[in-house]
Amino acid sequence: MKVKETYLGDCLLLEPMVFGDERGYFYESFNEDRFNTLTGQETHFVQDNQSYSTRGVLRGLHFQRGEHAQAKLVRVLKGEVLDVAVDLRPRSKTFGEHFSVVLSAANRLQLFIPRGFAHGFLVLSEEAEFFYKCDNYYNKESEGSLLYSDPDLGIDWRISPSEIIVSEKDKESGSFAEFKRSFA
């Protein structure tokens, strides 16, 4: 596995070593010891989640607060998504900045998103299966979300806003300015 740093500090892009031949391919998608050694993290994942979505579906930008914050390791099993992480760590030099990358079944890239980040993705292909590991259990009372279209975040979702399909709950997400005021 190759680990590439992003400009958001501990947010890392992982590229697996794929072994292929006429039968197909094989790769180790996760090994805790290798992951922790190569990333310098001490992460123990406790929950796996998977979703299916069609083109234009945007899920996010979600996060968990306080003791229920989650680090995530995300990847795409089928299709292609634009994956986005937003740094919500108030003391970080990249506070409020985001990183985006296309993850697909074809490129097999994974993104590690540490605790203290919001996360979301938009399906670019006709359909996509998205898989992610979490290092903490989901807690409904600790969930939060930022509005995906917040101009302060300036995220280019790469498709027309008229094509984006968002849940009612995500349409009612707070702005980044509101999030920042909670630390004032």
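Brief remarks on what is shown
- Meets criteria (modelled with pLDDT of 95 or more and either among the aliphatic types (A, V, I, L, M) or in a loop (DSSP other than H, G, I, E, B) (or both)) for L14: no
- Yes/no for S160 being free of Cβ contacts under 8 Å to residues at least 40 places away in the same chain and closer than 25 Å to A106 by Cβ: yes
- Considering residues of region 32-50 that are loosely packed, with under 14 Cβ neighbours inside 10 Å and either in contact (Cβ under 8 Å) with a residue 12 or more places away in the chain or touching a Pro at 6+ places or on another chain (Cβ under 7 Å) (or both) only, the residue nearest to R89 (Cα to Cα): H44
- Odd one out for P151 among (1) touching a residue at least 12 places away in the same chain (Cβ under 8 Å); (2) surrounded by fewer than 18 Cβ atoms within 10 Å (Cβ to Cβ): (1)
- Number of the condition not met by K4 [criteria: (1) farther than 23 Å from N136 by Cα; (2) assigned to a helix (DSSP H, G or I); (3) of a type in the set (K, R)]: (2)
- A118, sole failed condition from (1) of a type in the set (G, A, S); (2) part of a strand (DSSP E or B); (3) farther than 21 Å from T39 by Cα: (3)
- The set of residues in region 1-16 that are of a type in the set (D, E, K, R) and either crowded, with 17+ Cβ neighbours inside 10 Å or over 19 Å from R108 (Cβ atoms) (or both) contains only D10.
- Residue-level check: of (1) over 21 Å from V123 (Cβ atoms); (2) surrounded by 13 or more Cβ atoms within 10 Å (Cβ to Cβ); (3) not hydroxyl-bearing (S, T, Y), G66 misses just (2).
Each row is one residue, and each column tells you yes or no for (1) among the charged types (D, E, K, R); (2) touching a Cys at 6+ places or on another chain (Cβ under 8 Å); (3) assigned to a loop (DSSP other than H, G, I, E, B).
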site: L73; (1), (2), (3): no, no, no
site: D83; (1), (2), (3): yes, no, no
site: S92; (1), (2), (3): no, no, yes
site: L103; (1), (2), (3): no, no, no
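The values are calculated or read from the model by the stated rules, or taken from the named source; none is laboratory data. The model shown is predicted, which means the values in this text are computed figures rather than measured ones. Reconstructed Cβ throughout: ideal geometry from the backbone, glycine too, with neighbour counts over all protein chains shown.
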